[in-house]
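> Okay, here's the structure, questions in a sec.
The values are calculated or read from the model by the stated rules, or taken from the named source; none is laboratory data. None of the values given here were measured: they were computed from a predicted structure. Neighbour counts run over all protein chains shown; Cβ positions are idealised from the backbone, glycine included.
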Amino acid sequence: MSKIPVCSPLLSGNELAYVTEAVSTGWISSSGKYVAEFEKAFAAYCGVRHGIAVCNGTVALHLALTALGIGPGDEVIIPDFTMIASAFAVCYTGAKPVFVDADEATWNMNANLIEDGITSRTKAIMPVHIFGNPCDMAALRRIAEKHALAVVEDAAEAHGAEFGGVKTGKLGDLAAFSFFANKNITTGEGGMVVTDDGELARTCRYRKNLCFPPDAPRTYLHGDIGFNYRMSNLHAALGLAQTERADRYGALRIRHGLLYRELLSSVPGIVLQEDQPEGKNVFWMNGLCVQPEEYGRRRDELAARLAGNGVETRLFFNGMHRQPALKKYGCDCAGRYPVSDFLADNGLYLPSGSGLEETDIRHICKLILEYRR
């Protein structure tokens, strides 16, 4: 029986040619033309002036936060329903993440609950565009401006997504992207900070490279504590080739997401993510939640049934308030997060790679429909 993977990269452009050139010329570390070319191309794709390539999406978040001067004693508002890397990046600065429950329809951070978490120590809001579905950035910006807070987009899952006709990456003060192998644009491992702010960009470049002065000869005297967050020329070669085909890859994800919705939206007991009004969803992952009383099966039973038929799935994230590491760190995990809990307990995502075949999607949806009691 052939297996349908949950998400495989699609490498159908100049990836091999560019990587081969990097290898054949010996430029395989963080020097080499592809780093700068990838930064320029991806920033242009997002509609911003500056891109700073780094080694993964988690450090991109950390770098963005440190560029804003966030540190011990500060707080950052983040969604409770997210990948734990979002919270860890805040912890790396010495600040505390403060959690906000998810919206029942879009699964993004509920903008109506954000102000409940703001204190005199809050310095930033970090919206996460869950599964490629952009957040309500108009509401978030109003709140941020009212309280004089920075906005750092966690756009790890949302390459090419839009809100109000503006791409992710241009909707906050800074944004952080991941290029892990399952993302809509991939470098295998990698990340990038993007911004329109030249001073923030300069700070990111300075700190990502051990605080070597960016515009002066190297004396190996360092005035600040920096990080070794550089991206290699090999990874950037992949990223440039992927960015050249970003619109094509994004269109494939959207086509797949819409087909899943067409086939599953009327199945009793299957709950799908709803689009954010004014948003363009790029369907990084196609998730669903199982309501056992209506579907007649539990989420884990459905996952096992699909696995038995060669269909790979993944469970949703656990909420941040459930994380032992964050409790140990000193986060306030005592609140109630009913939507986040529902998603964590009942959600899974289905195969979602850009190269997925329509016949695969129809097969998966047929299995889901037939398994209902």
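> Got at least one residue in the range 318-334 being in contact (Cβ under 8 Å) with a residue 40 or more places away in the chain, within 30 Å of D247 (Cα to Cα), touching a strand residue (DSSP E or B) at 6+ places or on another chain (Cβ under 6 Å) and not small (G, A, S)?
The answer is no, given that none of the residues of the range 318-334 is in contact (Cβ under 8 Å) with a residue 40 or more places away in the chain, within 30 Å of D247 (Cα to Cα), touching a strand residue (DSSP E or B) at 6+ places or on another chain (Cβ under 6 Å) and not small (G, A, S).
> Could you please find all residues in the range 204-240 being within 20 Å of the chain's Cα centre (by Cα) and under 23 Å from E21 (Cα atoms)?
Within the range 204-240, R230, M231, H235, A236, L238, G239, L240 qualify.
> Does G160 qualify as being assigned by TED's automatic domain parsing to the domain that holds G71, free of Cβ contacts under 8 Å to residues at least 60 places away in the same chain and assigned to a loop (DSSP other than H, G, I, E, B)?
Judged against the criteria, G160 is not a match.
> Kindly indicate the residue of the range 219-259 that is assigned to a loop (DSSP other than H, G, I, E, B) and touching a residue at least 60 places away in the same chain (Cβ under 8 Å) and also surrounded by the most Cβ atoms within 10 Å (Cβ to Cβ) among those meeting that condition.
M231
> Among the residues of the range 168-180, is any surrounded by fewer than 24 Cβ atoms within 10 Å (Cβ to Cβ), in a strand (DSSP E or B) and acidic (D, E)?
Filtering the range 168-180 for residues surrounded by fewer than 24 Cβ atoms within 10 Å (Cβ to Cβ) gives 170, 173, 180.
Still in the list and also in a strand (DSSP E or B): 180.
Still in the running and acidic (D, E): none.
No.
> Within the range 121-142, does at least one residue satisfy the condition of being polar (S, T, N, Q), crowded, with 21+ Cβ neighbours inside 10 Å and more than 22 Å from A60 (Cβ to Cβ)?
No, the range 121-142 contains no residue that is polar (S, T, N, Q), crowded, with 21+ Cβ neighbours inside 10 Å and more than 22 Å from A60 (Cβ to Cβ).
> Sticking with this one: Just one of A216, A201 is assigned by TED's automatic domain parsing to the domain that holds L61, free of Cβ contacts under 8 Å to residues at least 40 places away in the same chain and among the small types (G, A, S); which is it?
A216
> Now for a different question. Among I77, I28, which is the only one that is of a type in the set (V, I, T), surrounded by fewer than 18 Cβ atoms within 10 Å (Cβ to Cβ) and outside the structural domain of P324 (by TED's automatic domain parsing)?
Going through I77, I28 in turn, the sole match is I28.
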